[in-house]
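The values are calculated or read from the model by the stated rules, or taken from the named source; none is laboratory data. Quick caveat: nothing in here was measured; it's all calculated off a predicted structure. As a convention, Cβ positions derive from the backbone with ideal geometry for all residues, glycine included, and neighbour counts pool all protein chains shown. What goes into the accessible areas is simple: the full protein's heavy atoms, side chains included, and nothing from ligands, DNA or RNA. Shrake-Rupley method; radii C 1.70, N 1.55, O 1.52, S 1.80 Å.
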Amino acid sequence: MRSAPVLDTDKAPGFEASVEAPQAPVGIARRVGAFLLRELREMLPPTIFFFIAFNLILLTTNLLVANYGAAFGSFMLVTGGALVVGKAVLVANATQSIRRYDRAPLIRPILFKAAFYWAVVLVARLLEHWIRFWLVEHHPLGTFLPYMVATF
């Protein structure tokens, strides 16, 4: 027993095409605003995580050294560090090489991603210190490596 054919040529299609004119191109300000909003939404979760974690580390460290009258760090330094590390994690996630061991046994991607995030955050923090060394303190560029070795 045969049923009706799949393509029935007697009937019009069940949808109608729109005859409206295409919308005007979106302005550059709207595209920039949408880009900044998307970046802010992506940056918010890791930044909040590192903000809380770094402040807890600062709090416990300050409580440990409170008997000695020493202050270890400040809230603003920790907040700046959380912003830098949060953005560095997002930059690392955007690269193709972070997905290298995704199909391997679980220990390989965990170790690889931990090492990769460590390297990206190290580079970001070194760039942060280099900018401060060069632009704020006005030291010559060639003396940055000996300065970092001496102050480390």
Report task. Give the range 71-119 a look and list any residue that's open to solvent by 30 Å² or more (accessible area, probe 1.4 Å), over 28 Å from residue 132 (Cβ atoms) and assigned to a helix (DSSP H, G or I), or say none. Result -> 97, 99, 107, 108, 110, 111, 112, 113
Report task. Scan the range 69-79 and give yes if some residue there is under 26 Å from the mean Cα position of the chain (by Cα) and more than 21 Å from residue 44 (Cα to Cα), otherwise no. Result -> yes
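Within the range 34-70, track down each residue that is outside any helix (DSSP H, G or I) and of a type in the set (Val, Ile, Thr).
Quick first cut of the range 34-70, residues outside any helix (DSSP H, G or I) only: 65, 69-70.
Selection gives 65 alone.
Picking from 126, 135, which residue would you name as being free of Cβ contacts under 8 Å to residues at least 60 places away in the same chain and open to solvent by less than 90 Å² (accessible area, probe 1.4 Å)?
On the way: 135 fails: open to solvent by less than 90 Å² (accessible area, probe 1.4 Å).
Result: 126 is the single residue among 126, 135 that is free of Cβ contacts under 8 Å to residues at least 60 places away in the same chain and open to solvent by less than 90 Å² (accessible area, probe 1.4 Å).
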Query raised in the report: Looking at the range 120-127, is at least one residue in a helix (DSSP H, G or I), farther than 25 Å from residue 40 by Cα and out of contact with any Phe, Trp or Tyr (no Cβ under 6 Å at 6 or more places or on another chain)?
Result: no
